[in-house]
Amino acid sequence: MADTQSPGSGGRPLVEDASPSARIDPTVPHAARRYDYWLGGKDNFAADRESGDAVAAAYPAIRTTVIENRRFMQRATRHLAEQVGIRQFLDIGTGIPTSPNMHEVAQGVGSESRVVYVDNDPIVLAHARALLTSAPDGATAYVDADLRDPERILRHPDLRATLDLTRPVALMLVAILHFLPDGDDPYGVTRRLVEALPSGSYLVVSHATTDLVPRHIAAAAAPSAATSMIDMAFRTRDEFASFFDGLDLIPPGVSPVTEWRPDDPPERRTPAAQASMYAAVARKP
């Protein structure tokens, strides 16, 4: 069975299984470690910081963007747990743990909530196993796999032991699909994962875009992504909306990440141009 390189590792092809230590390459930037750097974390290498600085040079608001993206994840999780009663979450592209993590938000509402985290960075794996501990009457599990291999994720024994796929699940693809270029079939990957879930499940997505920023910043996005050594696909509103084909968007539908059911009053919200991502949540009929 093939393991994978992260979609954020410079677009590398899938590779055969390797031990976690053998898969750590401090000379190559990785999306999860770069995200950790932007959030002020310590679990990153010089290559990750150099990549992060290359993006920040073209888009100085990147640190605000990642903070607002995490806030969206927390709001979406809380909404699904409180208002819908979802108690199962499948989070793909987990990243290095930063509290409050998804299971902390979900179990803060329903302590019996069950969460499966999926990532393939060995550093993420080590931190997840050490830090992502469940409430006593709930459960968390970690699956070492890549988004581009949905079958591996779906048949993983730890997922099957933790989630009941006959009951609704919230599939969380937060700030991950923009690391899949069209050649990696991001729409097909998303569709396959949604197909495996029962009616009443939810899809939660946030995604980078250049739609919301001034033209000169949008023009610099592709070159800065190339300089950063991590491939990114900036998608338009219509391209983003296509991830939800066949699903029922819940209000407010597709919106800037800062405007999806915000907690802050309008005068205190981060402007969309300072967090240029789309977000949406949809229900599977």
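Could you tell me what percent of the accessible area of segment 29-141 is made up of carbon and sulfur, with a 1.4 Å probe and every protein chain present?
Numbers: 2050 of 4070 Å².
Looking at segment 29-141 in its full context, I get 50 percent from C and S.
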**Study point:** Sulfur and carbon atoms: percent of accessible area, segment 157-285 [1.4 Å]
**Key:** 51
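Mean separation of Cα pairs under 8 Å and 6+ residues apart, divided by the residue count of segment 53-156: what relative contact order is that in percent?
On the way: 133 pairs, mean separation 23.6, N = 104.
That works out to 23 percent.
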Check your understanding: What is the calculated FRET efficiency for Thr133 to Asp25, with r their C-beta to C-beta distance and R₀ = 30 Å, to the nearest 0.05?
Key -> 0.55
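Grab the beta carbon distance between Glu151 and Arg269, set R0 = 35 Å, and tell me the FRET efficiency rounded to 0.05. If you can, show how the numbers build up before the last one.
Working: r = 40 Å, r/R0 = 1.14.
The formula returns an efficiency of 0.30 here.
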Point to revise | Length-normalised contact order for the chain - Cα pairs under 8 Å, 6+ apart - percent | key: 20
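Name the shape class, rounded, prolate or oblate, that the alpha-carbon gyration tensor gives for the chain, where a ≥ b ≥ c are the square roots of its eigenvalues, rounded holds for a/c under 1.5, and otherwise prolate holds if a/b is larger than b/c and oblate otherwise.
In terms of gyration-tensor shape, rounded.
When the helices in the chain are scored as -39500 (n - 2.57) per DSSP H run of 4 or longer and the sum is shared across all residues, what 222 nm value do you end up with, to the nearest 500 deg cm²/dmol?
Numbers: 10 runs with 98 residues, N = 285.
The helix contribution divided over the chain gives -10000 deg cm²/dmol.
Which whole-number percent is the relative contact order of segment 133-285 (Cα, under 8 Å, 6+ apart)? It would help to have the intermediate numbers written out before the result.
Details: 227 pairs, mean separation 38.1, N = 153.
Here the relative contact order equals 25 percent.
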**Study point:** Where Glu259, Glu68 fall by accessible area, highest first, once all protein chains stay in place (1.4 Å)
**Key:** Glu259, Glu68
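How large is the charge dipole for segment 173-216, taken about the Cα centre, if only the Cβ atoms of Lys, Arg (+1) and Asp, Glu (-1) carry charge, to the nearest 20 debye?
Details: 3 positive and 5 negative charges, 23 e Å.
Once rounded to the nearest 20, the dipole reads 100 debye.
Treating only the Cβ atoms of Lys and Arg (+1) and Asp and Glu (-1) as charged, compute the dipole magnitude of segment 130-184 about its Cα centre; round to the nearest 20 debye. Before the final figure, lay out each step's value.
Working: 5 positive and 9 negative charges, 33 e Å.
Its charge dipole is roughly 160 debye.
Probe of 1.4 angstrom, ligands and nucleic acids ignored: what's the accessible area per residue over the chain, in square angstrom? Before the final figure, lay out each step's value.
On the way: 11750 Å² over 285 residues.
That works out to 41 Å² for each residue.
The values are calculated or read from the model by the stated rules, or taken from the named source; none is laboratory data. Worth saying up front: this structure is predicted, and the values here are computed from it rather than measured. Ideal geometry is used to build each Cβ from the backbone, glycine not excepted, and the neighbour counts take in all protein chains shown. The protein model used for the area step is the full one, side chains on, heavy atoms only, and it has no ligands, DNA or RNA in it. Shrake-Rupley method; radii C 1.70, N 1.55, O 1.52, S 1.80 Å.
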